[in-house]
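This report refers to the structure that appears directly beneath it.
The values are calculated or read from the model by the stated rules, or taken from the named source; none is laboratory data. Nothing here was measured: the structure is a model prediction, and the numbers come from that model. Cβ sites come from the backbone with ideal geometry, for glycine too, and all protein chains shown count toward neighbours.
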Amino acid sequence: MIIAVASGKGGTGKTTIATSLALALPTPVLFLDCDVEAPNAHLFLRPDFEQNQEVGLLIPEVDEERCTFCGECANACQYHAIAILGKKALVFPQLCHGCGSCTMICPEQAITEKLDVMGVLESGTTKTGIRFGRGVLNVGEPMAVPVIRQLKKWMESEPEQNVILDASPGTSCPVVATVRGADFLILVTEPTPFGLHDLRLAAQVARELAIPAGVVVNRENGAYPDLDEYCESESLPILLRIPYDRAIAEGIAQGKNLVEVNPGFIQEFRSLFMKIQGLCKH
């Protein structure tokens, strides 16, 4: 089963929930930190990194001695990443999506491709036996999606039965790239007007992608009827409530996980997983 964990806004405890769930499940488990712009799940799971590889996009290079400047490549590019101006071919790497259309369509075979390194993939194993992978986007790179896509390809070569995907906050393209193809989406929120506003946006993503979803309420401190009413009206089950607790906050600040702060959470997260299994069968 592939479970993605997302949140409409940052700072809701999304990574805390994702890593706690991974620790509570029996192995084999594969955990992928897809928040490639600011990955931090390793701080809680503490894997020993064993492998790394550079990743990026294949960007076109034009051999102007062979190029006839016919413009076929520019016409084929939907992203305007290549242009012909007179007897000059211009390539804009920041716009390129690495589809390879220009290379395939060039009648003179004047275009080759080179790897434009955008980041790195790292993998390893935690002391509890969780297989761990993460992507790290290079500073200043404008597109996170290519790194996320290549990170998710590791799922195809891993035999793990359960996969946890930790998405970036928000509802933009990196989140969609992460959660697409998941069997279930956990939406982490907090009982505040801001948290509810962004939960609505995240729930819309789940509906658009037709992914069944449920809610985990973090830092609950008393009743917040607006949140419960919204979840009921949208048929979003509230799967777990994490209390607003000083001991939890202190533990998180020390790099501890929920199941380390309070071992009782192990059963809570196993029950959460069983609820998800039940919802996916309907």
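Are any residues in segment 73-82 surrounded by 15 or more Cβ atoms within 10 Å (Cβ to Cβ) and out of contact with any Ser or Thr (no Cβ under 9 Å at 6 or more places or on another chain), and if so, which ones?
Going through segment 73-82, the residues surrounded by 15 or more Cβ atoms within 10 Å (Cβ to Cβ) turn out to be 73-74, 76-77, 81-82.
Answer for segment 73-82, where residues must be surrounded by 15 or more Cβ atoms within 10 Å (Cβ to Cβ) and out of contact with any Ser or Thr (no Cβ under 9 Å at 6 or more places or on another chain): 74, 81, 82.
Among the residues of segment 92-145, the ones that are touching a residue at least 60 places away in the same chain (Cβ under 8 Å) and aromatic (Phe, Trp, Tyr) come to 1 in all.
Being outside the structural domain of residue 273 (by TED's automatic domain parsing), touching a strand residue (DSSP E or B) at 6+ places or on another chain (Cβ under 9 Å) and of a type in the set (Gly, Ala, Ser) narrows it down to one of 22, 81, so name that one.
Working: 22 fails: outside the structural domain of residue 273 (by TED's automatic domain parsing).
Answer to the selection: 81.
Within the option set 68, 15, 27, being in a loop (DSSP other than H, G, I, E, B) and within 20 Å of residue 129 (Cβ to Cβ) holds for one residue only, 27.
Can you spot a residue in segment 189-202 that is within 22 Å of residue 11 (Cβ to Cβ), assigned by TED's automatic domain parsing to the domain that holds residue 275, in contact with a helix residue (DSSP H, G or I) (Cβ under 6 Å, 6 or more places away or on another chain) and not hydrophobic (A, V, I, L, M, F, W, C)? Walk me through it before giving the result.
Taking segment 189-202 and keeping what is within 22 Å of residue 11 (Cβ to Cβ), we get 189-202.
Subset that is assigned by TED's automatic domain parsing to the domain that holds residue 275: 189-202.
With the extra rule that they be in contact with a helix residue (DSSP H, G or I) (Cβ under 6 Å, 6 or more places away or on another chain), the set shrinks to 189, 191, 196.
Going one step further and asking which of them are not hydrophobic (A, V, I, L, M, F, W, C), we end up with 189, 191.
Scanning segment 189-202 turns up at least one residue that is within 22 Å of residue 11 (Cβ to Cβ), assigned by TED's automatic domain parsing to the domain that holds residue 275, in contact with a helix residue (DSSP H, G or I) (Cβ under 6 Å, 6 or more places away or on another chain) and not hydrophobic (A, V, I, L, M, F, W, C).
Could you tell me which of the residues 240, 279 is touching a helix residue (DSSP H, G or I) at 6+ places or on another chain (Cβ under 8 Å) and either touching a residue at least 12 places away in the same chain (Cβ under 8 Å) or not in a helix (DSSP H, G or I) (or both)?
Numbers: 279 fails: touching a helix residue (DSSP H, G or I) at 6+ places or on another chain (Cβ under 8 Å).
Criteria check complete, one pass: 240.
The criterion of at least 1 residues that are small (Gly, Ala, Ser) and either touching a strand residue (DSSP E or B) at 6+ places or on another chain (Cβ under 8 Å) or at pLDDT 95 or above (or both) is met, among strands (runs of 3 or more DSSP E) falling completely within segment 111-181, by 111-125, 131-137.
Yes or no: residue 256 part of a helix (DSSP H, G or I) and either in contact with a Leu (Cβ under 7 Å, 6 or more places away or on another chain) or of a type in the set (Lys, Arg) (or both)? Give the steps one after another, and end with the answer.
Numbers: part of a helix (DSSP H, G or I): no; either in contact with a Leu (Cβ under 7 Å, 6 or more places away or on another chain) or of a type in the set (Lys, Arg) (or both): yes.
No, not satisfied.
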